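So the structure is just underneath, and the comments pick up after that.
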Amino acid sequence: MKRLINITVNQKKYELAVESNMTLADMIREELKLTGTKKGCGLGECGACTVLLDGKSVSSCLVLAVEADNREVTTIEGIEPENGLHPIQQAFVEKGAIQCGFCTPGMVLSSKALLDENPQPDEQDIRRAISGNLCRCTGYQKIVEAVQSVSIRKQTA
Amino acid sequence: MLIPRFNYHKPSTLKEACEMKAEFKDKAIFLAGGTDVIVNLKRGVISPENLISLNGISEMTSNSIDNKKGQTAIGACSKVAGLVKEKFLLPYSALKTGMENIGSPIIRNLATLGGNIVTARPAADSSPSLIAYKATAVLNSVSGKREVSMDDFFLGPGKTVLNDDEILSAIILDTLASYTGSAYIKLGTRKALEISLVNVAAILTLEKPDGPIADVRIVMGAVGPVPLRAKTAEKILIGEKPEAGLFSKAAEAASLKDCSPIDDFRGSAEYRRDMVKVLTERALRNALNDIK
């Protein structure tokens, strides 16, 4: 049975009728066509579907869309300013932290959740923050360097 | 991966949730963080007619400290990521470390302490500590509530004392005695998203700052159908002065007499038994260092 939910995605309000067995990841991709959120394992192990739910990074494949009623979601599309890229996205490009790109949206959002809470993380903090996000190109070092460069830029700004 | 259809219910009070469970019994399962339930739904392990979401019940996410009783009650649906940052959890080093070891940040932002317990996995990260702290589980149903010691909560892999019509609403921790320290060590092959090969929680209470040991509880995970107390080891320790030789002797006893590991794809029984010795010794040492 479909249920009506009110949800804010990337600061835009939606009223959607969703099946109660639909995941938030599917809702974002299929209903809202925001395909920046990737689906990998579907079991909460890879982190490709990471989104921010009320500011906290979560696996959207483990959340039912009906459970996101009256909540706020930020996907990778939502952090991009009108012109150019978000500083974390820019850093990923500059530091060569993107290879195939499949893990990138999740990596960027997990990094954003970290930096929002702790603007000056050390290397271990960063590695812990992205520990639920798998990069099968194994480009972790560059990703960590990219996040570090953002935090350094924040410090000097 | 598709999720089978179910009737979705979202009660807003604990009472309402109890009434629903009393009506549906085993035809309903509860949804808290979803990090286990959603995975099991997708894998086809479970296909309930009814899914009762507990995420609209504020009393299940509230934590309260009762100084008069010397107790802290943690709402069963409190998120793991939030709990590890709570000031009241600081003295409970073993539980804090255990919860920090659950899944990954994106899992901990969803997962609840209650969920980690009711799934009754023998390798769960919070259960050994809760048993070690003599924590109490509060179970509610339409006919009232009862309290069960965590010592008696687990019956086997995936099995607990929870009846069909009951709901775990809170976990109660007693205030720790003076000169008490605790520690938890998890052994796995990686640092995140890992299921324990072996884990050990230890809590140590001294009579006065330099000993002797007044009380000790050692609980081992993933070496039996439920988390196991190392009772032989505990007996060796009580009344003695805490020092390295004694810890080593107790750890040896835990390894030889108190655990019953099996071979599986994660590791052999023999290896697990060896690791119980190593981890117990370290957990005791860390618990001693944790005494402030």
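Odds and ends about this structure:
- The residues of the stretch B:17-68 that are among the β-branched types (Val, Ile, Thr) and either out of contact with any Phe, Trp or Tyr (no Cβ under 8 Å at 6 or more places or on another chain) or surrounded by 17 or more Cβ atoms within 10 Å (Cβ to Cβ) (or both), listed by number, are B:Ile29, B:Thr35, B:Val37, B:Ile38, B:Val39, B:Val45, B:Ile46, B:Ile52, B:Ile57, B:Thr61.
- Among the residues of the stretch A:7-26, those that are more than 12 Å from chain B (Cβ to nearest Cβ) and not hydroxyl-bearing (Ser, Thr, Tyr) comprise A:Ile7, A:Val9, A:Asn10, A:Gln11, A:Lys12, A:Lys13, A:Glu15, A:Leu16, A:Ala17.
- Test: residue in the stretch B:63-79 that is farther than 30 Å from B:Ala177 by Cβ, among the basic types (Lys, Arg) and more than 12 Å from every other protein chain (Cβ to nearest Cβ): no
- Residue pairs meeting the criteria (Cβ under 8 Å; at least 6 apart or on separate chains; first within 8 Å of chain A (Cβ to nearest Cβ) and part of a strand (DSSP E or B), in the stretch B:3-27; second aliphatic (A, V, I, L, M) and surrounded by 15 or more Cβ atoms within 10 Å (Cβ to Cβ)): B:Asn7/B:Leu51; B:Tyr8/A:Leu64; B:Tyr8/A:Val66; B:Tyr8/B:Leu51
- Identity of the residue in the stretch A:32-47, buried (at least 16 other Cβ atoms within 10 Å of the Cβ) and more than 10 Å from chain B (Cβ to nearest Cβ), that ends up farthest from A:Cys100 (Cα to Cα): A:Leu32
- Which listed residue is touching an Asp or Glu at 6+ places or on another chain (Cβ under 8 Å) and more than 8 Å from chain B (Cβ to nearest Cβ), from A:Arg29, A:Arg71: A:Arg71
- If you go through the stretch B:63-89 and keep only what is assigned to a helix (DSSP H, G or I) and either at positive phi or touching a residue at least 24 places away in the same chain (Cβ under 8 Å) (or both), you end up with B:Val80, B:Ala81, B:Leu83, B:Phe88.
- The residue list B:Asp215, B:Asp210 contains one member that is within 22 Å of B:Lys257 (Cβ to Cβ) and without any contact (Cβ under 8 Å) to a residue 60 or more places away in the chain, which is B:Asp215.
- Test: residue in the stretch B:113-127 that is crowded, with 21+ Cβ neighbours inside 10 Å, touching a Lys or Arg at 6+ places or on another chain (Cβ under 9 Å) and within 13 Å of chain A (Cβ to nearest Cβ): no
- Matching residues in the stretch A:93-112 - criterion: being crowded, with 23+ Cβ neighbours inside 10 Å and under 14 Å from the mean Cα position of the chain (by Cα): A:Cys103, A:Thr104, A:Pro105, A:Gly106, A:Met107, A:Val108, A:Leu109, A:Ser110, A:Ser111, A:Lys112
- Selection status of A:Thr138, touching a residue at least 40 places away in the same chain (Cβ under 8 Å) and either surrounded by fewer than 19 Cβ atoms within 10 Å (Cβ to Cβ) or under 15 Å from the mean Cα position of the chain (by Cα) (or both): no
- Residue match in the stretch B:157-175 (condition: without any contact (Cβ under 8 Å) to a residue 24 or more places away in the chain and of a type in the set (Gly, Ala, Ser)): no
- Any pair with Cβ under 7 angstrom, 6 or more apart, that starts in the stretch B:221-250 at a residue that is under 16 Å from B:Tyr184 (Cα atoms) and ends at one that is crowded, with 20+ Cβ neighbours inside 10 Å and of a type in the set (Phe, Trp, Tyr): B:Pro227/B:Phe154
- Any hit, the stretch A:74-92, residues being of a type outside the set (Lys, Arg), over 23 Å from A:Cys135 (Cα atoms) and buried (at least 19 other Cβ atoms within 10 Å of the Cβ): no
- Identity of the residue in the stretch A:85-128, touching a residue at least 24 places away in the same chain (Cβ under 8 Å) and of a type in the set (Gly, Ala, Ser), that ends up farthest from the other protein chains (Cβ to nearest Cβ): A:Gly96
- Scan of the stretch A:1-26 for residues that are closer than 27 Å to A:His86 by Cα and without any contact (Cβ under 8 Å) to a residue 24 or more places away in the chain, ordered by number: A:Lys12, A:Lys13, A:Tyr14
- Residue within the stretch B:36-55 that is within 13 Å of chain A (Cβ to nearest Cβ), among the hydrophobic types (A, V, I, L, M, F, W, C) and in contact with a Ser or Thr (Cβ under 6 Å, 6 or more places away or on another chain) present: no
No lab work stands behind these numbers, since they all come straight from the coordinates. Given the structure is predicted, the values throughout are model-derived calculations rather than measurements. Methodologically, a virtual Cβ is constructed for each residue, glycine included, from the backbone with ideal geometry; neighbour enumeration extends over all protein chains shown.
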